[in-house]
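Derivation of every value follows stated rules applied to the coordinates shown; laboratory data play no part. Only a predicted model underlies this, so the values are computations on that prediction, with no experimental measurement involved. Because the Cβ atoms are built from the backbone with ideal geometry, glycine has one as well, and the counts that use them run over all protein chains shown.
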Amino acid sequence: MTIEVNKPNGSGLLRVFKATLCSYKGFVAAWQHESAFRQEVMLVVAMFPFTFLLSESRNHWLLLFATLLLLLLAEMVNSAIEALADTITLEHHPLIGRAKDMGSAVVFIALTLLTIVWADAIWRWWQAG
């Protein structure tokens, strides 16, 4: 049984390659056009080495690292929503404003989670030291 694929990126390994290329372009676009993304990448780069110092186990390290990645994920989603909304109109529209505000809230949630997890890790490290 042959299944026809009606997607511009094809199927199989070619699709994986093209999807990877699209992801790379997304990272480049975020870096070039989004100052918040650049700031958060710098924050992640600065905080990453401390994951090894603060973690109490492999799972704890994964949690610390995951919060850093989650922040970048949230910023990428927020930036994508804003870019898409701005292509529709730059004028004020209540639904577009709502979408942008919700995208911002996603970043806020990621930052809040990062703060709670890292504050706990720092507290435990301080108490153990």
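Distance between the pseudo-spin-label points of Met102 and Trp126 (7 Å out from Cα toward the beta carbon): 3.8 nm.
Please work out whether segment 13-57 counts as rounded, prolate or oblate from its C-alpha gyration tensor, where a ≥ b ≥ c are the square roots of the eigenvalues and a/c under 1.5 means rounded, while otherwise a/b larger than b/c means prolate and anything else oblate? Taking the square roots of the gyration eigenvalues as a ≥ b ≥ c, segment 13-57 is oblate.
The GluC sites (Glu not before Pro) found in segment 18-75 that occupy coil by DSSP, while having at most 14 further C-beta atoms within 10 Å, are Glu56.
Here the chain is assigned +1 on the Cβ of each Lys and Arg and -1 on the Cβ of each Asp and Glu. Its dipole about the Cα centre then comes out at about 380 debye.
For the pair Ala29 and Glu56, a Förster radius of 35 Å applied to the C-beta separation gives a FRET efficiency near 0.40, rounded to the nearest 0.05. Dividing the radius of gyration of the alpha carbons in the chain by their Kirkwood radius gives 1.10 for Rg/Rh. For the chain, adding -39500 (n - 2.57) for each run of n ≥ 4 DSSP H residues and dividing by the number of residues yields -30000 deg cm²/dmol at 222 nm.
Highest mobility in the GNM of the chain, judged by mean-square fluctuation with C-alpha springs under 10 Å and restricted to Thr115, Thr89, Thr51, is found for Thr89. In whole angstrom, how far apart do the alpha carbon centroids of segment 41-55 and segment 61-107 sit? Comparing the Cα centres of segment 41-55 and segment 61-107, I get a distance of 23 Å.
Farthest toward the positive end of the dipole of the chain, out of His92, Val41, Gly10, is the Cα of Gly10, where the dipole comes from beta carbon charges about the Cα centre. Extending 7 Å from the Cα toward the beta-carbon at both His92 and Leu13 defines two label points whose distance is 5.5 nm.
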